[in-house]
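A.B. asks: Let me give you the structure first, and then I'll get to my questions.
The values are calculated or read from the model by the stated rules, or taken from the named source; none is laboratory data. No experiment lies behind these values; they were computed from the predicted model shown. Using ideal geometry, Cβ is built from the backbone for each residue, glycine included, and neighbour counts are taken over all protein chains shown. Surface accessibility is based on the protein's heavy atoms, side chains included, excluding ligands, DNA and RNA. Shrake-Rupley method; radii C 1.70, N 1.55, O 1.52, S 1.80 Å.
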Amino acid sequence: MRIITLTTDFGLEDEYVGSMKGAVLSINPEARIIDITHRIPPQDILRAGLILKWSYPYFPENTVHVCVVDPGVGGNRRILGITFRGAIFLAPDNGILRLIVGDDLPEATVEILNRDFFHKDISRTFHGRDVFAPVAAHLTRGVHLETLGNGVDFGNTVQAELKKPIRQGDDHLLGEVLFEDRFGNLLTSIDQITLLHFLKRFPEKLPVLNIRGIHICGMSESYDSVARQTPLMIIGSRGYLEVSVNCGSAKDILGAGPGTPVQIGFEK
Amino acid sequence: MRIITLTTDFGLEDEYVGSMKGAVLSINPEARIIDITHRIPPQDILRAGLILKWSYPYFPENTVHVCVVDPGVGGNRRILGITFRGAIFLAPDNGILRLIVGDDLPEATVEILNRDFFHKDISRTFHGRDVFAPVAAHLTRGVHLETLGNGVDFGNTVQAELKKPIRQGDDHLLGEVLFEDRFGNLLTSIDQITLLHFLKRFPEKLPVLNIRGIHICGMSESYDSVARQTPLMIIGSRGYLEVSVNCGSAKDILGAGPGTPVQIGFEK
Amino acid sequence: MRIITLTTDFGLEDEYVGSMKGAVLSINPEARIIDITHRIPPQDILRAGLILKWSYPYFPENTVHVCVVDPGVGGNRRILGITFRGAIFLAPDNGILRLIVGDDLPEATVEILNRDFFHKDISRTFHGRDVFAPVAAHLTRGVHLETLGNGVDFGNTVQAELKKPIRQGDDHLLGEVLFEDRFGNLLTSIDQITLLHFLKRFPEKLPVLNIRGIHICGMSESYDSVARQTPLMIIGSRGYLEVSVNCGSAKDILGAGPGTPVQIGFEK
């Protein structure tokens, strides 16, 4: 157990991420630190939870995943650690962990309290450096999560929920855009399992997606299966329906963004 | 052989780069992963090829260089691996590798096909994570490139060419701006060898560069050899002519960008 | 001694940082390279020095800290190495090192001159890759700083000074905004020690901060101790007074930035 991943809203212009890494290496010089992203929009708990939910399964067992999107830093919000599917996750108690485990439950949930494993001075505004990094480093050195604090009931932690797609009558499914990626691909709240189950209702009909009055007919198997600058829908790499434009930005071309409704129906 | 470099257009806001690194470490926890850049403009094959061409020579022998700028992902474009000058390069068959080898040829060219070395599930939109990363990780564990697919003729791969500078009459050389860097320095298509050869025609005369009607007389040896906010020309760190402004942005001050003509002549 | 940190204004869009890392690994494949930041604004020596001053204490002993914000590259500015508080710092002689040591002095100061430890070809514009990276790599392999050049007098190096807060009469202290961070928090030039000493003058009175005519009464212990979108003042993680807005950007909401005066007084 030597790998620590970092997911934060600290950005890359300040020394925040560097200081966190220094704090880790001062405790475990052998730790491997991998950045998931530091460009979570400030205080965007939903995005932080989803980004980590979609990336952690690609890491080796026993990885320690640290997520610091923490508007309540220095106040009385708790810091939690969970063991879940062979990994450890550290995050403030603000809903991030609920997004990661989804409808499942962690094997253990601990409130991180043991100051023996924190930095000796703890600032009011930067627990990433003073609490999360040292605790993660100690975990990679073999300290047990249970040593770091008290077990708590996961059911009593702060909840955050991904909106589920809604069935409208017999032949429509309504979701929304969650966010766009760097390419302008629009990630929707419609997951593959729900979608495929829904499409089985009329297997002989072509599915039609409606976004801002624009209709996209049929699922694509690759971006270049349609002409350049043409919209398409595709099951993306996270197992969710995405709306894209071949060699273009669906966000710009469709004028869509977080919250834009996305409706799936069938050709007439 | 433990080092893997990554050059992509994935940006740093999403989980894409983190997931690729997780996929590598799941196969080879000892791999060293170095980011060249993830901020290639989306689908900009020319820039991706040049960025990697200019950086790979600084890495140790046997480094595995992975370049994923891949608008054709999930379609029928091939994925290629080459051995070239003691390193391995993996990229989609879209011209990137041609830009790297230039007028030279790789020692071996292989179409990557062997799914035993891919992730067990392969998404339609993210072969960086599901194909490139696992394949690179296996290469750093000693798997031979030839094991990964079939040898192909490099001459039949997709071509992309850097425009060469053009001689105009006896005393002019015409190139163009390729792109600007973070500082606003303008990298031109005029390489040092062509330039020095050209300048030997009138060794007693001062060279004069013309960009958007502004004339720069004489080559500089350092940025601060001219006054602040003054344009200059200099042989940059990549062995190409660059147009710069001391402590300023040549891009902004000269209003130039990719495609702007750059002409070299001699003082009257 | 295996850790090298990098603080530069090279940005992340070009190959500059990747090439530096390749140059390090070609000399010491075991070196650990940690990015502090590469997004120092171009040529911003003050910010570079402060960012490194605030992060280096979190790294293990014997770390080699490399800071390349270097508008004078290729000219006759010197490159310096110092040993200071158990670490080594490499930077151009342009004031960065003075900002790091503050009112203190380094244990040793060396002008880096020994070309045996540079790259064999040295470009005019990129000493980060051709000088700093190779020198840092050799230092992590056990080469002594003194081997790399000649001892010089730190007092004769270029000076850069952080403006100190100014006492106005009996009951006011005047500082200024140094810069904002990613969240829009405004870091001021008023350090904790000066501030706490000043506040002892009227320990029974609430301190009041005035920034652009807006008054903030009382120090906060955490961001969420005030209502959302409300300004507050707090001792930040660097030991300086910061002006923040709970879940918002103080920079945007207060319209402040580098140089904005910040005055501390007492309630009437």
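A.B. asks: Here are some conditions: (1) of a type outside the set (A, V, I, L, M); (2) more than 30 Å from B:Ala108 (Cα to Cα); (3) surrounded by 16 or more Cβ atoms within 10 Å (Cβ to Cβ). B:Asp191 meets all but one. Which one does it not meet?
C.D. replies: (2)
A.B. asks: Shifting gears a bit: Considering only residues that are open to solvent by 10 Å² or more (accessible area, probe 1.4 Å) and either part of a strand (DSSP E or B) or closer than 21 Å to B:Arg39 by Cα (or both), which ones fall in the stretch C:1-10?
C.D. replies: C:Ile3, C:Phe10 - these are the residues of the stretch C:1-10 that are open to solvent by 10 Å² or more (accessible area, probe 1.4 Å) and either part of a strand (DSSP E or B) or closer than 21 Å to B:Arg39 by Cα (or both).
A.B. asks: Further question: Taking the options C:Gly257, C:Gly265, C:Gly239, name whichever one is exposed (fewer than 15 other Cβ atoms within 10 Å of the Cβ) and more than 12 Å from chain A (Cβ to nearest Cβ).
C.D. replies: C:Gly257
A.B. asks: Would you confirm, using the coordinates I've provided, whether C:Ser55 is among the hydroxyl-bearing types (Ser, Thr, Tyr) and within 9 Å of chain B (Cβ to nearest Cβ)?
C.D. replies: No.
A.B. asks: Same structure, new question: Just need a number here: residues in the stretch C:23-36 that are surrounded by fewer than 24 Cβ atoms within 10 Å (Cβ to Cβ) and more than 7 Å from chain B (Cβ to nearest Cβ).
C.D. replies: The total comes to 8.
A.B. asks: A follow-up question, please. Within the stretch B:211-224, take every residue that is in contact with a Gly (Cβ under 7 Å, 6 or more places away or on another chain) and either without any contact (Cβ under 8 Å) to a residue 12 or more places away in the chain or surrounded by fewer than 16 Cβ atoms within 10 Å (Cβ to Cβ) (or both) and give me the one that is nearest to the other protein chains (Cβ to nearest Cβ).
C.D. replies: B:Glu221
A.B. asks: Moving on to the next point. Under 7 Å between Cβ atoms, which residue pairs at least 6 apart in sequence (or on different chains) link something in the stretch A:11-27 that is more than 15 Å from C:Arg238 (Cα to Cα) with a partner that is open to solvent by 10 Å² or more (accessible area, probe 1.4 Å) and among the hydroxyl-bearing types (Ser, Thr, Tyr)?
C.D. replies: Listed by first residue and then by second, the contacts come to A:Ser26/C:Tyr58.
A.B. asks: Follow-up. Hey, does the stretch A:11-22 have a residue that's surrounded by fewer than 22 Cβ atoms within 10 Å (Cβ to Cβ), under 17 Å from the mean Cα position of the chain (by Cα) and either more than 14 Å from chain C (Cβ to nearest Cβ) or closer than 22 Å to A:Asp130 by Cβ (or both)?
C.D. replies: yes
A.B. asks: Which condition breaks for B:Asp104 when tested against (1) surrounded by fewer than 24 Cβ atoms within 10 Å (Cβ to Cβ); (2) in a helix (DSSP H, G or I)?
C.D. replies: Condition (2) is where B:Asp104 drops out.
A.B. asks: Give the residue that is surrounded by the most Cβ atoms within 10 Å (Cβ to Cβ), with candidates limited to residues of the stretch A:61-85 that are among the basic types (Lys, Arg) and more than 10 Å from every other protein chain (Cβ to nearest Cβ).
C.D. replies: A:Arg78
A.B. asks: Further, regarding this structure: Of these, C:Arg115, C:Arg98, C:Arg47, which one is more than 14 Å from chain B (Cβ to nearest Cβ) and either modelled with pLDDT under 95 or touching a Pro at 6+ places or on another chain (Cβ under 8 Å) (or both)?
C.D. replies: C:Arg47
A.B. asks: Could you please find all residues in the stretch B:130-148 being touching a residue at least 60 places away in the same chain (Cβ under 8 Å), open to solvent by 10 Å² or more (accessible area, probe 1.4 Å) and on the phi < 0 side of the Ramachandran plot?
C.D. replies: Matches in the stretch B:130-148: B:His138, B:Thr140, B:Arg141.
A.B. asks: Could you tell me whether any residue of the stretch C:72-79 is touching a His at 6+ places or on another chain (Cβ under 9 Å) and at positive phi?
C.D. replies: yes
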